[in-house]
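To start, the structure itself, in structure tokens.
Read-outs throughout are calculated quantities, based only on the coordinates presented, and are distinct from any laboratory measurement. Computed from a prediction, not measured in an experiment: that's the story for all the values here. Here the Cβ positions follow ideal geometry from the backbone for every residue, glycine too, while neighbour counts run over all protein chains shown.
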């Protein structure tokens with residue numbers, strides 16, 4: 001499983017000046033990938049690029065508030081938003097706002113679907129920044145490499161969860 005999981009890479013495609021689309025396949029069934037996104041105890045094990053993460057609030061329901069703080073040597077950053085739409089095991093749409101840019105939320109929508117006869121899961125993330133400047137700042141800040149690091153941590157978590165089954 002490890003060799004297959006590490007072979008998956010995400011693809012990032014600009015849609016327009018404010019929107020990106022990311023696709024990634026995980027070597028795990030959709031129910032496990034969904035759990036990793038929807039359960040705070042699992043989310044904190046992969047979300048922060050392998051750094052320590054505190055999930056301060058996670059009201060996983062339409063209109064619910066979420067807040068996560070990522071910690072690293074010498075610093076931390078807080079992120080929060082609201083869940084706009086949740087369709088179990090199919091879709092999560094939420095706002096995403098960094099403490100360093102209050103009032104500038106992006107809207108992120110993650111879609112989940114089966115791959116390989118249900119043995120793997122494809123996610124498609126569409127992220128629309130508040131404005132073109134915010135989109136450029138996210139790219140400059142290394143959002144894509146951070147995403148790759150978080151997805152690698154998610155691969156490891158999913159492998160561990162499958163081993164526990």
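Quick one: which of 60-68, 150-158 comes out on top by average Cβ neighbours within 10 Å, and what's the full order, highest first?
150-158, 60-68
What's the extension gain from residue 52 to residue 144 if we count 0.36 nm per residue and subtract their Cα-Cα distance? Each step should come with its number before you reach the end.
Values: separation 92, 0.36 × 92 = 33.12 nm, distance 1.92 nm.
Here the answer is 31.2 nm.
Which value in deg cm²/dmol, rounded to the nearest 500, describes the helix-derived mean residue ellipticity at 222 nm for the chain, given -39,500 (n - 2.57) per DSSP H run of n ≥ 4 and division by the residue count? The partial results should precede the final answer.
Values: 5 runs with 49 residues, N = 165.
Taken over the chain, the calculation gives -8500 deg cm²/dmol.
By its C-alpha gyration tensor, with a ≥ b ≥ c as the square roots of the eigenvalues, how is the range 1-98 shaped: rounded for a/c under 1.5, else prolate for a/b larger than b/c, else oblate?
The shape class here is rounded.
At 0.36 nm per residue, and after removing the present C-alpha to C-alpha distance, how many nm does the segment from residue 156 to residue 19 gain when stretched out fully?
Value of the extension gain: 46.5 nm.
Hey, how many Å between the Cα centroid of the range 116-165 and the Cα centroid of the range 20-35?
Cα centres, the range 116-165 to the range 20-35: 8 Å.
Within the range 42-75, find all residues whose amide N lies under 18 Å from a label point positioned 7 Å from the Cα of residue 137 along Cα-to-beta-carbon.
70
Considering all projection directions equally, how large on average is the shadow of the alpha-carbon convex hull of the chain, in square nanometres? All intermediate terms of the calculation are to be shown ahead of the outcome.
Numbers: hull surface 37.9 nm².
Averaged projected hull area, Cα only: 9.5 nm².
Taking only C-alpha pairs under 8 Å that are 6+ residues apart, what is the relative contact order of the chain in percent?
Here the relative contact order equals 26 percent.
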